[in-house]
Amino acid sequence: MAFVQAIVLAYARRGLDPANALAMAQIAPDRVSDPHARISAGQMEAISGAAMQELDDEGLGWFSRALPWGSYGMLARASLSAPTLGVALQRWCRHHGLIADDISLTLSVSATDTGELARLAIAEHRDLGALREFCLVSVLRNIHGLACWLIDSRLPLQAAQFPFAPPAHQAAYAVLFPGSTTFNADCAAIHFDARYLPLPLRRDEAALQHMLQRALPLTVRPYRRDRLLVQRVRQALLTHPQQTHNADALATLLNLSARSLHRQLKEEGATLQTLKDEVRRERATELLLRTNRPVKQVAEAAGFLNEKSFIRAFKGWTGLAPGEFRRAK
C-alpha cells in the first residue's frame with residue numbers, strides 16, 4: 001500500500017482527487033492509510049494506468065517535470081532497433097536522461113570470481129523527497145521488465161540495492177526483486193549476469209504496438225523462459241563440478257527449484273542429463289589429451305562421484321575406456 005500512498009500524494013501535489021483511480025483499482029479510500037494493507041499486481045496496474053492518464057505523467061510525480069503519456073513508449077521504440085540487449089539498455093539509459101534529468105542511469109560490467117556481472121544503476125541529481133522509494137523501485141522495475149520483454153526471456157536478478165533504510169514493507173522486495181536485496185547502499189541498482197547483454201532482441205514494431213496497449217504488466221510479468229539457461233547450466237557444470245552432481249544442487253546454485261530447472265530446460269529444447277554428458281565429455285576429453293592426470297583425478301575433475309561410473313560413461317560416449325582413448329590419441 002506504500003506505493004498507492006505515493007500515487008495519492010502525487011494527486012495531492014497537483015490538487016486533484018484520486019477517487020476515480022482508486023475506484024478503478026477497487027481500492028477502498030479508507031484502506032490507503034493502513035500500513036499493513038496489501039494490493040494485487042492487477043490493482044497496481046489499474047491505479048497506475050489511471051493515474052498516469054489523469055495526471056498526464058508517466059512518472060507519477062517523481063520528477064521535476066511531468067512525463068507526458070507515451071514518454072516511455074518513445075524510449076522503448078528508440079531501443080527497439082538495437083542489435084543486442086546491451087545496446088538497447090545503453091540507449092534506454094542515455095535517452096532517459098533526455099526526458100528526466102533528475103536522475104541518470106548507467107549500465108556497467110565488472111568481473112567477478114564466477115564471470116562478468118552487469119549493473120544498472122541510478123544516480124540522483126536532486127532530492128526526490130517523499131516519492132524517492134516509489135521512483136527508484138519503479139524505474140528499476142520498468143527497465144528490468146522491458147529488458148525481459150525485448151529478449152522474450154527471464155533475466156534473473158542476482159542482487160538489488162537501495163540507498164535508504166529498510167522500509168516497513170521490506171518483505172515485498174523479495175517479490176519485486178528476486179535475489180538478494182540490500183539497503184543503505186550508495187545508490188539504487190540491479191545486478192544480473194552479463195552474458196544476457198549480447199542476446200539479440202526478439203521484438204519488432206508490431207510487437208511493440210501490441211505491448212504498448214498494455215505495457216504495465218511488464219513490471220510484474222514472471223517470464224518462465226530463460227534463453228540463457230542452457231549456457232548458465234553448462235557454465236555451472238563446468239565451473240562447479242563437485243557441487244552439481246544432482247538437479248537439486250545445481251538448481252540451488254542457479255537460484256531455481258529443481259522443478260523449474262527441468263521445466264525451463266525443456267522449454268529450451270534441452271535436458272539436464274544431455275548437458276551434463278556434453279560438459280563432462282568435453283572436460284574429460286580435454287584432460288585425457290592435454291594432461292597426464294590419472295584417470296581417477298580426471299573422473300573427479302569432470303564431476304563424477306567415482307572412477308567406475310566415469311569409465312562406464314566414457315565407454316558409452318566413445319566406445320573406449322579412458323586409458324584406451326588416451327593411448328589411441
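The values are calculated or read from the model by the stated rules, or taken from the named source; none is laboratory data. Computed from a predicted model, the values in this text were never measured in an experiment. Heads up, the Cβs are rebuilt from the backbone with ideal geometry, glycines too, and the neighbour counts pull from every protein chain shown. Ligands, DNA and RNA are excluded from the accessible area calculation, which covers all protein heavy atoms including side chains. Shrake-Rupley method; radii C 1.70, N 1.55, O 1.52, S 1.80 Å.
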Considering region 75-92, residues that are surrounded by fewer than 20 Cβ atoms within 10 Å (Cβ to Cβ) and touching a strand residue (DSSP E or B) at 6+ places or on another chain (Cβ under 8 Å), and then whichever is nearest to Ser138 (Cα to Cα), we arrive at Gln90
For region 59-71 the number of residues that are surrounded by 21 or more Cβ atoms within 10 Å (Cβ to Cβ) and closer than 23 Å to Asp204 by Cα is 0
Exception for Ala130 within (1) open to solvent by 30 Å² or more (accessible area, probe 1.4 Å); (2) assigned to a helix (DSSP H, G or I); (3) among the aliphatic types (A, V, I, L, M); (4) closer than 30 Å to Leu238 by Cβ falls at (4)
Any residue at all in region 265-285 that's in contact with a Cys (Cβ under 9 Å, 6 or more places away or on another chain) and surrounded by fewer than 14 Cβ atoms within 10 Å (Cβ to Cβ)? no
The condition from (1) assigned to a helix (DSSP H, G or I); (2) modelled with pLDDT of 95 or more; (3) out of contact with any helix residue (DSSP H, G or I) (no Cβ under 7 Å at 6 or more places or on another chain) that Pro166 misses is numbered (1)
For region 19-47, the count of residues that are assigned to a helix (DSSP H, G or I) and crowded, with 20+ Cβ neighbours inside 10 Å equals 4
Only one of Leu212, Leu140, Leu117 is surrounded by fewer than 19 Cβ atoms within 10 Å (Cβ to Cβ) and under 28 Å from Leu265 (Cα atoms), namely Leu117
Taking region 164-202 and keeping only residues that are in contact (Cβ under 8 Å) with a residue 40 or more places away in the chain and open to solvent by 60 Å² or more (accessible area, probe 1.4 Å), one is left with Ala168, Pro178, Arg195, Pro198, Pro200, Arg202
Those residues of region 123-154 which are within 23 Å of Gln231 (Cα to Cα) and in contact with a Lys or Arg (Cβ under 9 Å, 6 or more places away or on another chain) amount to Gly145, Cys148, Trp149, Leu150, Ile151, Asp152, Ser153, Arg154
The number of residues in region 63-116 that are among the β-branched types (Val, Ile, Thr), within 30 Å of Arg234 (Cα to Cα) and in a strand (DSSP E or B) is 4
Residues in region 286-300 that are assigned to a helix (DSSP H, G or I) and open to solvent by 20 Å² or more (accessible area, probe 1.4 Å) total 7
